[in-house]
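One structure is given below, encoded as structure tokens.
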Amino acid sequence: MQALRGLPQGARASGGLPGVTEPATRQAGRRPRWHGPGTVSRRSRRFGRNLLPIALLLPALVLIGGLLGWPIGQLVATSFQQLGLFELIGHHVVWDGLANYRQLFSSSELGASLEQTALFVTACVSLTMATGTAVALLMKRLGKPMRTAMSLAMLLAWAMPSAAASIVWSWLFETQWGVVNYLLSAIGLHFTNHDWFASSLSAYGVITAMIVWQAVPFVALTMYSAFTLVPDDLAEAAAVDGASPAVAFRQVTMPIVRPIFVLLTVLSVIWDGNVFNQVWFLTGGRAQVIDVVPLGVWQYIEAFASQQYGLGSSVAVITVLLLLMVTGYYIRVMVRTGEVST
Amino acid sequence: MNRTATMAGARTPAYKAMTWLWRGVATVFIVVTLFPVYWMVQSAFEPNREITSLTPSFFPAHFTLHDFVDAMSRPWFWDDARNSLVVVTSAVVIVLIVAFLAATAVVRFRLRGAKAFLVLVLVVQMVPTTALVIPLFLLLDKYHLTDNYLGLILTYVTLTLPFTIWALRGFVRAVPVDLEEAAMVDGSSRLGAFLRILFPLVLPGLITTGVFSFITAWNDFLYANVIMQQNYHQTLPVWLFSFSTNTGTDYGGLMAGCTIMSLPVVVFFLAVQRRIVSGITAGAVKG
């Protein structure tokens, strides 16, 4: 496929070969740049040619730089300022050095919220990836009618806007008339008038269940179409060689679909690490009922409810740094295997 | 799928028995997945006195549109529905144009720093959107773009742009460059080849990624709530939230509101569902 792209790029060497068709390149790591024929004259041609791509890229650069880059810069700057409502209205800039960070690190809240977020994200992501992969395998194993029914059900769940879905879930788990309490009581458990949001553990349970419910379709459908990319003869050859299905899966199928699996995991960590809507809506805007909230919600509460925008910003900065630390390794892997190549 | 293996294995009774077991598992999965959706719709059509009965009916005996009429006649429903449609549709059109140009530039040219640009696009997605509310609000306010369509449209364009570029890249890459070259041999300019040859071929990808940005923008509560101040300038999620906090236990009306809000997304989704999945893999795997 790479070969089809032909001339205009010249001899394409940097970046990658498809991780899927040629897993061998993964071991190769950084390959040397190979400048094809015409290296000498390319420099002169490049100037004129570069005007068009820059023009094409310009609107995106302006938007990302202006409406994302600038606010991100502001966010970092704000985390070093004392910014309350008074300073906000009066347009005062009060530089505060590391005071916000010092306050965060000296309080026990940060550690608690970090621990909670790590647990929460790990639970959400691992449940989502495990269920999604299992469902994808199930789809592959079953016939077309069942497969269509499964995709249709998942598409409906996936398509539901998160604001609507959260409200629906709070109705499912409602204390007095919620259908979940009714069903659990019907099978003999004492769940009549049970308040799911009374303890933070069960509140987190409901929130996790909902996030997994909404995230599984994307993972399952994507993994399913990844599995269909694995050539049948490879699995058959493994079976002929006497490999058990589990071994064949681990050693033949998984290496081929791994780039997609890694990408889905990274995206899930990013999305679940910043979860807000679900927590906020499901608890009806009373996220404080959960005594320790995930970072994404905490920085919002710190900023808006306590109107300490500087402090809220520093929580946000810490969140981004942590997500970068966790996903940075995988991004590096993706860059090296050519997944981020142009 | 594994056709030969399936056919060979299908003869053994054990394989058949396992198939029934897996069908059972799949059925349970389908029921659990569909139940919240079903419950929303059935609560929306159910008369209120039956919703708040201690034994919920799983197949309601009576259907009523009362909750829908009630939801739609609540203040600002029509204003907010129109705002949602106008803002979200404009944002999707703009983001697709900008992202198509950017993806083409990144894929079709050897640009210095293209890789850095893509890593940036990935990293930018890690910034919590909740964190950017205040700086973005202050920026828009400075240029008098708050409480106005353009401000919210620009916000949604920017928020969905990184992911759209990332996803579109795969679709652009999947189109063989030979076709454009043939057009250029026939006298077309490079840009002309992009617009006449590449654009129609990438259209399925544009529709797929368009659905994604549509959903992100359609779902947004936070930015609409902060940027749009007047009630009649709000969007549907904000309307829904004010509904849920003001009315106490009117779950029938609330579920009707949720159903109305979900409807356009579901319709779009089902229309493009085939392409969505093939598109994601095309974006993730280079092919």
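The values are calculated or read from the model by the stated rules, or taken from the named source; none is laboratory data. Since the structure is predicted, the reported quantities are computational estimates derived from the model, not experimental observations. Cβ atoms come from the backbone with ideal geometry, glycine included; neighbour counts cover every protein chain shown.
If you scan the range A:152-185, which residues turn out to be of a type outside the set (A, V, I, L, M, F, W, C) and surrounded by 21 or more Cβ atoms within 10 Å (Cβ to Cβ)?
Answer for the range A:152-185, where residues must be of a type outside the set (A, V, I, L, M, F, W, C) and surrounded by 21 or more Cβ atoms within 10 Å (Cβ to Cβ): A:Pro161, A:Ser162, A:Ser166, A:Ser170, A:Gly178, A:Asn181.
Whether any residue in the range A:201-218 is assigned to a loop (DSSP other than H, G, I, E, B) and either buried (at least 20 other Cβ atoms within 10 Å of the Cβ) or at pLDDT below 85 (or both) is what I want to check. Give the derivation first.
Within the range A:201-218, the first condition is being assigned to a loop (DSSP other than H, G, I, E, B), and the residues that meet it are none.
Scanning the range A:201-218 turns up no residue that is assigned to a loop (DSSP other than H, G, I, E, B) and either buried (at least 20 other Cβ atoms within 10 Å of the Cβ) or at pLDDT below 85 (or both).
Got a sec? Which helices (runs of 4 or more DSSP H) wholly within the range B:67-175 have at least 1 residues that are in contact with a helix residue (DSSP H, G or I) (Cβ under 6 Å, 6 or more places away or on another chain), farther than 24 Å from A:Gly296 by Cβ and touching a residue at least 24 places away in the same chain (Cβ under 8 Å)?
Answer list for the range B:67-175: B:77-108, B:149-174.
Restricting to the range A:140-175, and then to whatever is outside any helix (DSSP H, G or I), more than 8 Å from every other protein chain (Cβ to nearest Cβ) and touching a residue at least 12 places away in the same chain (Cβ under 8 Å), can you tell me which residue is nearest to A:Val212 (Cα to Cα)?
Among residues in the range A:140-175 that are outside any helix (DSSP H, G or I), more than 8 Å from every other protein chain (Cβ to nearest Cβ) and touching a residue at least 12 places away in the same chain (Cβ under 8 Å), the one nearest to A:Val212 (Cα to Cα) is A:Phe173.
Just the residues that are crowded, with 22+ Cβ neighbours inside 10 Å and at pLDDT below 85, please, taken from the range B:136-148.
none
Among the listed residues B:Ile280, B:Ile215, B:Ile197, B:Ile260, identify the single one that is modelled with pLDDT of 80 or more, β-branched (Val, Ile, Thr), buried (at least 22 other Cβ atoms within 10 Å of the Cβ) and in contact with a helix residue (DSSP H, G or I) (Cβ under 7 Å, 6 or more places away or on another chain).
Matching residue, one of B:Ile280, B:Ile215, B:Ile197, B:Ile260: B:Ile215.
Quick test for you: out of A:Leu75, A:Leu137, A:Leu88, A:Leu104, pick the one residue that is assigned to a helix (DSSP H, G or I), within 30 Å of A:Leu201 (Cβ to Cβ) and not small (Gly, Ala, Ser).
Testing whether each residue is assigned to a helix (DSSP H, G or I), within 30 Å of A:Leu201 (Cβ to Cβ) and not small (Gly, Ala, Ser) leaves just A:Leu104.
Would you pick out the residues in the range A:221-259 that are closer than 22 Å to A:Gly143 by Cβ and part of a loop (DSSP other than H, G, I, E, B)?
Once the filter is applied, which keeps residues that are closer than 22 Å to A:Gly143 by Cβ and part of a loop (DSSP other than H, G, I, E, B), the range A:221-259 yields A:Thr228, A:Leu229, A:Val230, A:Pro231.
Need at least 1 residues that are in contact (Cβ under 8 Å) with a residue 24 or more places away in the chain per element, so show me which helices (runs of 4 or more DSSP H) inside the range B:183-260 make the cut, counting only ones lying wholly within it.
Answer list for the range B:183-260: B:199-219, B:222-227, B:236-246.
From the list B:Val107, B:Val133, exactly one residue is surrounded by 20 or more Cβ atoms within 10 Å (Cβ to Cβ), modelled with pLDDT under 85 and facing chain A (nearest Cβ under 9 Å). Which is it?
On the way: B:Val107 fails: modelled with pLDDT under 85.
It is B:Val133.
Among the residues that make up the range A:218-228, is at least one of them facing another protein chain (nearest Cβ under 9 Å), touching a Gly at 6+ places or on another chain (Cβ under 6 Å) and within 25 Å of B:Trp218 (Cα to Cα)?
no
Taking A:Ala237 as the residue in question, decide whether it is exposed (fewer than 14 other Cβ atoms within 10 Å of the Cβ) and within 12 Å of chain B (Cβ to nearest Cβ).
yes
Scan the range A:176-193 residue by residue and report those that are among the aliphatic types (A, V, I, L, M) and not in a loop (DSSP other than H, G, I, E, B). Full working, then the answer.
Taking the range A:176-193 as the starting set, the residues that turn out to be among the aliphatic types (A, V, I, L, M) are A:179-180, A:183-184, A:186-187, A:189.
Of everything in the range A:176-193, those that are among the aliphatic types (A, V, I, L, M) and not in a loop (DSSP other than H, G, I, E, B) turn out to be A:Val179, A:Val180, A:Leu183, A:Leu184, A:Ala186.
Among the candidates B:Phe163, B:Phe171, single out the residue that is crowded, with 19+ Cβ neighbours inside 10 Å, under 21 Å from the mean Cα position of the chain (by Cα), closer than 29 Å to A:Gln74 by Cβ and hydrophobic (A, V, I, L, M, F, W, C).
B:Phe163
Filter the range B:36-68 for residues that are in contact with a Leu (Cβ under 8 Å, 6 or more places away or on another chain) and within 8 Å of another protein chain (Cβ to nearest Cβ); which is farthest from A:Val180 (Cα to Cα)?
B:Val37
Under 25 Å from A:Ala316 (Cα atoms), modelled with pLDDT under 90 and either more than 8 Å from chain B (Cβ to nearest Cβ) or more than 22 Å from the chain's Cα centre (by Cα) (or both): is that true of A:Ala99 in this structure?
Here the answer is yes, as A:Ala99 does meet what is asked.
Look at A:Val62 and say whether it is part of a helix (DSSP H, G or I) and at pLDDT 65 or above.
Details: part of a helix (DSSP H, G or I): yes; at pLDDT 65 or above: yes.
Answer is yes for this residue.
Take the residues in the range A:110-124 that are within 14 Å of chain B (Cβ to nearest Cβ) and within 15 Å of A:Val269 (Cβ to Cβ), then tell me which one is nearest to the chain's Cα centre (by Cα).
Only one residue tops the list, namely A:Val121.
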